[in-house]
Amino acid sequence: MGSAPRAVIDLAALRHNLERVRAAAPNSRVLAVVKANAYGHGLLRIAKALESVVDALAVARVGEGISLRQAGIFCPIVVLEGGTDRQELDLAVAHRLELVVHNLEQVKQLQQYKTHTPLACWLKIDSGMHRLGLSTVAAPAAYQALAACRAVSGKPRLMTHFANADDPADPATQTQWQLFQTIASELGTEVSAANSGAILGWPETHADWVRPGIMLYGVSPFLNGRPETDDLRPVMSLQSQLIAINHYKKGDAIGYSGSWVCPQDMAVGVLSMGYGDGYPRHAASGTPVLLNGQRVPLVGRVSMDMITLDLRGCPGARVGDPAILWGAGLPVEEIAEAANTIPYQLLCGVTARVDFVEG
Ligand SMILES: *Cc1c(COP(=O)(O)O)cnc(C)c1O
């Protein structure tokens, strides 16, 4: 396979995870979130695998929606950040994209917009996350204005987003849900609130549409979570292989800045994988790597193209041996904790230098 790192994408795992969504929220339609290159898994590959088995796809930006249309994806596509100007409204119409409307400026733009092919819209309400969305005070009038808009087709749907659904013990989700519900029940249209954390942790929030992202990719949405706890299967396995095994003396310092010093005479392995591939530079000494299926600690600094491994526990290791940096058998959740970040960032950050293959 050569020494080039690979990201192996398991589409059977993706389908399994979607089944987990369907089982958890059997009465809801599924708006599958594929923003940010499908969380780094490859937008088109994932969209093609999902389009016939989900009810709609969600992206963050108009450009992502256009990429999907140009690749021949026909299912409904929702743009979570909506449009910012007239030109984006033209593009949304031309590519049949559904827009999320989250501020009064966008409502005004739609009121002034003339088109023969009206757009489907979702009104986003800020129920407490305080990022995007109309206040609960402004929302009912904005809803009526949108519903009366010629440029808007059908009844607008309502959406909100939870700030704390990654913690099932945090009552903020319940508070947000109740506030959202109060408004939504008055307006009598379809609603959507649940991201992955709420799909698994807050069944009362499932409503008409759920919006799974991270769980589709086989990653726990919960703080300190692990995929097997919720029967999720990692979709991405980031892999590489050993390109050198060197023998050093007690006291020898390994790599940039010599931050790790050999505590005894020992073998150190070099793996072709670095921050230039998206492996986190802040992964600390001790972060596990799966070498020949065995956990081995990373030692020293992560370089652009390489990392070094403590091979004291694996006398049988050979150059060319395969390694898994995260994926099946080594949850990305664990690597994220060791690098002081979140799985979302690691998955999104795998770079174009890595070969993506299905397997
Ligand atoms: C990204 C996103 C989601 C998916 O969230 P996950 O935590 O990945 O499930 C859902 N809704 C909105 C509005 C989002 O931006």
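The values are calculated or read from the model by the stated rules, or taken from the named source; none is laboratory data. Please read all numbers here as calculations on a predicted model, not as lab measurements. Glycine gets a Cβ as well: all are built from the backbone with ideal geometry, and neighbour counts include every protein chain shown. In case anyone asks, the SASA skips ligands and DNA or RNA and just uses the protein heavy atoms, side chains included. Shrake-Rupley method; radii C 1.70, N 1.55, O 1.52, S 1.80 Å.
A few remarks follow.
- Taken over the Cα atoms of the range 236-358, the convex hull encloses 94 Å³ per residue.
- Orientation-averaged projection of the chain equals 18.9 nm² [convex hull of Cα atoms, one quarter of hull surface area].
- Å³ per residue enclosed by the Cα convex hull of the range 11-220: 107
- For I125, distant residues with modelled amide H under 5 Å away: L134, M159, T160
- M304 accessible area, assembled protein chains, probe 1.4 Å, Å²: 100
- Rel. contact order, % - alpha carbon contacts under 8 angstrom, at least six apart, the range 236-358: 29
- Within a Gaussian network of the chain (alpha carbon springs, distance under 10 Å), most fluctuating of V261, V30, V210: V261
- Heavy-atom accessible surface of E64, to the nearest 10 Å², is about 40 Å², with a 1.4 Å probe and all protein chains retained.
- Per the Cα gyration tensor, the range 202-244 maps to an equivalent ellipsoid with semi-axes of 30, 12, 7 Å, ordered largest to smallest.
- Only protein atoms count toward the accessible area here, which uses a 1.4 Å probe; on the chain, the carbon and sulfur part of that area reaches 52 percent.
- Per-residue accessible area (protein heavy atoms, 1.4 Å probe) orders H95, H247 as H247, H95, starting from the largest.
- Among 330-337, 11-18, 225-232, the order from most to least packed when residues are scored by Cβ within 10 Å on average: 330-337, 11-18, 225-232
- Close amide H pairs (under 5 Å, H built 1.01 Å from N) link Q241 with S272, A323, residues at least 5 positions away or on another chain.
- Simple point charges give the picture: +1 on the Cβ of Lys and Arg, -1 on the Cβ of Asp and Glu, and for the range 263-349 a dipole about the Cα centre of about 100 debye.
- Think of the range 236-358 as having a plus end and a minus end, set by charges on the Cβ of Lys, Arg, Asp and Glu; of G313, V289, G329, G313 sits farthest toward the positive end of this dipole.
- Placing R0 at 41 angstrom, the Cβ-Cβ distance between E228 and Q111 gives a FRET efficiency of 0.25 after rounding to 0.05.
- Q345-E186 FRET efficiency (beta carbon distance; Förster radius 30 Å; 0.05 resolution): 0.20
- I243 contributes an accessible area of around 70 Å² to the protein surface, as traced by a 1.4 Å probe with all chains present.
- Karplus (6.51, -1.76, 1.60) ³J(HN,Hα), θ = phi - 60°, over the range 243-259, in Hz, Gly and Pro reported as x: 10, 7, 10, 10, 10, 10, 8, 3, x, 5, 9, 9, x, 3, 6, x, 5
- Beta bridges assigned by DSSP with both partners in the chain are antiparallel in approximately 55 percent of cases.
- The string of couplings for the range 179-191 from the Karplus curve (6.51, -1.76, 1.60, θ = phi - 60°) is 5, 4, 4, 4, 6, 4, 5, 6, 8, x, 9, 6, 9 Hz, one whole number per residue in order, with x for Gly and Pro.
- Under a 5 Å amide H cut-off, with hydrogens placed 1.01 Å from N, V152 pairs with L119 among residues at least 5 apart or on other chains.
- Sites matching trypsin sites (Lys or Arg not before Pro) across the range 92-141 that sit in DSSP coil, with at most 13 neighbouring C-beta atoms within 10 Å: K114, R131
- Vicinal HN-Hα couplings computed from phi for the range 138-148 (Karplus, 6.51 cos²θ - 1.76 cosθ + 1.60; Hz; Gly/Pro x): 7, 4, x, 5, 5, 4, 4, 4, 5, 4, 8
- Mean Cα-pair separation over length for the chain, i.e. relative contact order, pairs under 8 Å, 6 or more apart, %: 18
- Equivalent ellipsoid semi-axes, the range 105-147, via Cα gyration tensor eigenvalues times 5, rooted, Å: 22, 10, 9
- Mean-position separation - Cα centroids, the range 227-248 and the range 72-144, in angstrom: 41
- Per residue, the solvent-accessible area of the chain (1.4 Å probe, heavy atoms of protein chains only, all protein chains present) comes to 43 Å².
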